[in-house]
Amino acid sequence: MSKSGGLSQQFFIAGYDLSGDVGAINSASSPRGALEVTAINKAGKERLYGLTDGLLEFATWFDDAAGLEHVALKGLPTADVNVIWALGGSIGSAAAMLIAKQVNYDWVAGQDRSLAGRVACQGNGTPLEWGLLLTPGKVTHTGATNGASRDDAASSASGIVGYIQCPAFTGTTMTVIIQESSDNGGADPWATKLSFTAITAVNATERKTATGTVERYVRVSSSGTFTSAGIGVAYRRGTAQDEVAY
């Protein structure tokens with residue numbers, strides 16, 4: 001990984017690919033609460049971590065074409081939304097992932113005839129999770145497919161979380177899994193580490209976790225009865241310092 005600018009980013013929410021409509025990420029934050037627990041025998045304040053949170057706030061342009069911005073956001077759903085902000089379009093690009101409530105859908109019509117919106121997604125039950133893309137942004141599978149692998153240099157022992165979004169789907173059912181191998185499928189064959197719920201319709205999303213050791217190499221694999229499906233997958237390996245284990 002190296003320094004990078006803000007080009008070629010992607011944005012997915014609630015199973016929609018809004019990469020062509022989002023103009024800016026105004027805020028991506030993961031604040032932690034601090035609980036003051038200072039004892040009388042201390043010369044300075046003592047603190048413990050409290051609740052963690054997450055926020056993804058973005059600016060967007062009005063677009064009422066099928067499957068794009070206005071269709072995706074106007075409903076202000078009461079259910080949780082799955083959000084992925086990818087800072088690139090390659091396997092291994094950094095990605096911010098969040099399960100959130102979409103709390104607004106606000107617009108300003110400027111005197112210059114611009115029409116700009118601003119939307120905030122506030123975390124619900126999980127903090128903002130920084131991980132990596134496991135697909136190069138949105139990819140199209142036209143049948144059972146094994147994706148390219150990601151080498152994370154070493155295995156890890158604290159589980160894994162995966163996020164999936166499906167902005168396009170034609171077919172009956174599609175099962176997407178994250179597989180693992182210690183040697184990129186050589187002497188150690190690829191095995192399922194995490195299996196998402198079968199996709200049966202467009203705009204499906206899910207956050208899924210798995211516990212235990214995760215081998216050095218991971219990849220996405222799909223199967224099922226479908227003719228075309230556009231999916232985006234991101235993941236994060238758990239660490240020993242996580243407050244809540246996967």
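Which one of these does THR78 not meet: (1) part of a loop (DSSP other than H, G, I, E, B); (2) open to solvent by 60 Å² or more (accessible area, probe 1.4 Å); (3) touching a residue at least 60 places away in the same chain (Cβ under 8 Å)?
Single failed check for THR78: (3).
Checking the structure you have, find out if any residue of region 52-60 is open to solvent by 60 Å² or more (accessible area, probe 1.4 Å) and either touching a Ser or Thr at 6+ places or on another chain (Cβ under 6 Å) or in a loop (DSSP other than H, G, I, E, B) (or both).
yes
Among TYR217, TYR163, which is the only one that is under 22 Å from ALA100 (Cα atoms), touching a Ser or Thr at 6+ places or on another chain (Cβ under 8 Å) and of a type in the set (Ser, Thr, Tyr)?
TYR163
Taking the condition of being farther than 17 Å from THR213 by Cβ and within 15 Å of the chain's Cα centre (by Cα), how many residues in region 135-175 meet it?
Total meeting the criteria: 10.
Say we look at region 25-45 and pick out the residues that are open to solvent by less than 60 Å² (accessible area, probe 1.4 Å) and part of a strand (DSSP E or B); which of these is farthest from CYS121 (Cα to Cα)?
GLY33
Out of (1) open to solvent by less than 40 Å² (accessible area, probe 1.4 Å); (2) closer than 22 Å to GLY238 by Cα; (3) at pLDDT below 95, the odd one out for LEU48 is which?
With respect to (1) open to solvent by less than 40 Å² (accessible area, probe 1.4 Å); (2) closer than 22 Å to GLY238 by Cα; (3) at pLDDT below 95, LEU48 is out only on (1).
Is it true that some residue in region 208-221 is on the phi > 0 side of the Ramachandran plot, of a type outside the set (Asp, Glu) and buried (at least 17 other Cβ atoms within 10 Å of the Cβ)? It would help to see each step written out before you state the result.
Step one: filter region 208-221 for residues on the phi > 0 side of the Ramachandran plot, giving 212.
If we keep only those that are of a type outside the set (Asp, Glu) as well, we get 212.
The next check asks that each one be buried (at least 17 other Cβ atoms within 10 Å of the Cβ); those that pass are none.
Looking for residues that are on the phi > 0 side of the Ramachandran plot, of a type outside the set (Asp, Glu) and buried (at least 17 other Cβ atoms within 10 Å of the Cβ), one finds none in region 208-221, hence no.
Evaluate the following for ALA14: is it touching a Ser or Thr at 6+ places or on another chain (Cβ under 7 Å) and either open to solvent by less than 60 Å² (accessible area, probe 1.4 Å) or charged (D, E, K, R) (or both)? Reasoning before the result, please.
Details: touching a Ser or Thr at 6+ places or on another chain (Cβ under 7 Å): yes; either open to solvent by less than 60 Å² (accessible area, probe 1.4 Å) or charged (D, E, K, R) (or both): yes.
Considered against the rule, which asks whether it is touching a Ser or Thr at 6+ places or on another chain (Cβ under 7 Å) and either open to solvent by less than 60 Å² (accessible area, probe 1.4 Å) or charged (D, E, K, R) (or both), ALA14 comes out as yes.
Among the numbered criteria (1) in contact with a Lys or Arg (Cβ under 8 Å, 6 or more places away or on another chain); (2) under 17 Å from ARG118 (Cβ atoms), which single criterion is violated by GLN102?
The failed condition is (1).
Within region 85-106, count every residue that is outside any strand (DSSP E or B) and of a type in the set (A, V, I, L, M, F, W, C).
So the answer is 3.
So, TYR105, is that one at pLDDT 95 or above and open to solvent by 10 Å² or more (accessible area, probe 1.4 Å) or not?
Yes.
Go through (1) open to solvent by less than 10 Å² (accessible area, probe 1.4 Å); (2) of a type in the set (S, T, N, Q); (3) on the phi > 0 side of the Ramachandran plot one by one and return the number of the condition SER181 breaks.
All conditions pass for SER181, except number (3).
Just give me the residues in region 114-167 being open to solvent by 10 Å² or more (accessible area, probe 1.4 Å), without any contact (Cβ under 8 Å) to a residue 60 or more places away in the chain and farther than 19 Å from LEU87 by Cβ, in sequence order.
SER114, LEU115, ASN124, GLY125
When only residues in region 222-236 that are open to solvent by less than 40 Å² (accessible area, probe 1.4 Å) and touching an Asp or Glu at 6+ places or on another chain (Cβ under 8 Å) count, which is nearest to GLY123 (Cα to Cα)?
My answer is GLY232.
The values are calculated or read from the model by the stated rules, or taken from the named source; none is laboratory data. Model, not experiment: these values are computed from the prediction. Every residue, glycine as well, gets a Cβ built from its backbone with ideal geometry; the counts of neighbours run over all protein chains shown. Just the protein is used for accessible areas: all its heavy atoms, side chains included, with ligands, DNA and RNA removed. Shrake-Rupley method; radii C 1.70, N 1.55, O 1.52, S 1.80 Å.
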